[in-house]
Structures are given as C-alpha cells and as structure tokens.
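In what follows, a structure is listed as structure tokens, so that the remarks can point back to it.
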Amino acid sequence: MTATGTTAPGDELPPLTVPITRTLIVAGALASRDYQDVHHDAEAAREKGSPDIFMNILTTNGLVGRYLTDHFGPHTVLRKLAIRLGVPNYPGDTMVLRGTVTAVEGATAQVRITGTNGLGHHVTGT
C-alpha cells in the first residue's frame, strides 16, 4: 500500500468500529454477487448449523480495504491484501478493526490487520 506522511513501523492505526447489521450482511453479499443462502436466509443458515446469517469474506475484504484507505487517504493504492477469516460476523455484534504498521519502504507501508467481534478474531491479515 502506498503510504503518505511520516508513517513508521510500530504506528497504530485508530480503530474502526463496524456495527454488524442484517442489512450490512445481506447488502455485502448481494453487492459481491454471493447468493449463498447462509448470507441472507436465517432459516437456511440454521438448517446448515449456523445460529444466524453471517458475513461473507468479500464483505470483510471490502471493510478491511476501506479501513486502510480511510486512514491513508483517497490516493492510497492497495497493492496486496491477504486476509484469513476466523469466527463469523453475526447480526447484532460489532467488529473492531485495528492495524499496526509493520514495515515501511519508501512510500509503501505494510500493515498487520485484526478484526475482532464478541466471539474473537473475525479477520487477520496484512
């Protein structure tokens, strides 16, 4: 990612709190053309062993990207984004994204990202 200003390893990005609503989950799934029923149909999700609908990985990926570009500015270029999902994001919970700069080379920064909710780590990545 292209960094601006005086970004240095060890810098912590301010946290971003994201309320996990049914609308966010369903809209994210539809926007990413993910029509899996577990992302919009609570009854189908329960039939498949989930207590409720849950957020898809593409929505999480988009929220992580937003977190970074909100911090570094509108001219930020995401060069690589690698995430891994952990516990699900269910409606009614809150996810808090946090980031720490781990390396800076020229105008490029690497950031370690975590997103946690009431169940634990929802997303980790760089």
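Relative to the current alpha-carbon distance between THR124 and ARG84, full extension at 0.36 nm per residue lengthens the span by 13.9 nm. Descending by average beta-carbon neighbour count within 10 Å, the peptides 62-71, 7-16 line up as 62-71, 7-16, the highest first.
In this view, the solvent-accessible surface of ASP52, computed with a 1.4 Å probe and all protein chains in place, comes to about 20 Å².
Using all pairs of distinct alpha-carbon atoms, the Kirkwood hydrodynamic radius of the chain works out to 15.2 angstrom. Computed from backbone phi with θ = phi - 60° and the Karplus coefficients 6.51, -1.76 and 1.60, the 3J(HN,Hα) list for the range 49-61 is x, 9, x, 6, 5, 8, 5, 8, 5, 5, 5, 4, 4 Hz; x is used for glycine and proline.
Surface composition of the range 11-125: carbon and sulfur make up 53 percent of the accessible area, probe 1.4 Å.
Over the residues of the chain, the helix contribution to mean residue ellipticity at 222 nm works out to -7500 deg cm²/dmol, using -39500 (n - 2.57) for each DSSP H run of at least 4. For a Förster distance of 25 Å, can you work out the FRET efficiency between the beta-carbons of ASP41 and THR17, rounded to the nearest 0.05? The formula returns an efficiency of 0.40 here.
With every protein chain present, what is the per residue accessible area of the chain (1.4 Å probe, Å²)? Can you show the working numbers first?
Working: 6950 Å² over 126 residues.
Value for the chain: 55 Å² per residue.
The values are calculated or read from the model by the stated rules, or taken from the named source; none is laboratory data. This is a predicted model, so every value here is computed, not measured. Glycine also receives a Cβ, built like all others from the backbone with ideal geometry; neighbour counts cover every protein chain displayed. For accessibility, only protein heavy atoms count, side chains too; no ligands or nucleic acids. Shrake-Rupley method; radii C 1.70, N 1.55, O 1.52, S 1.80 Å.
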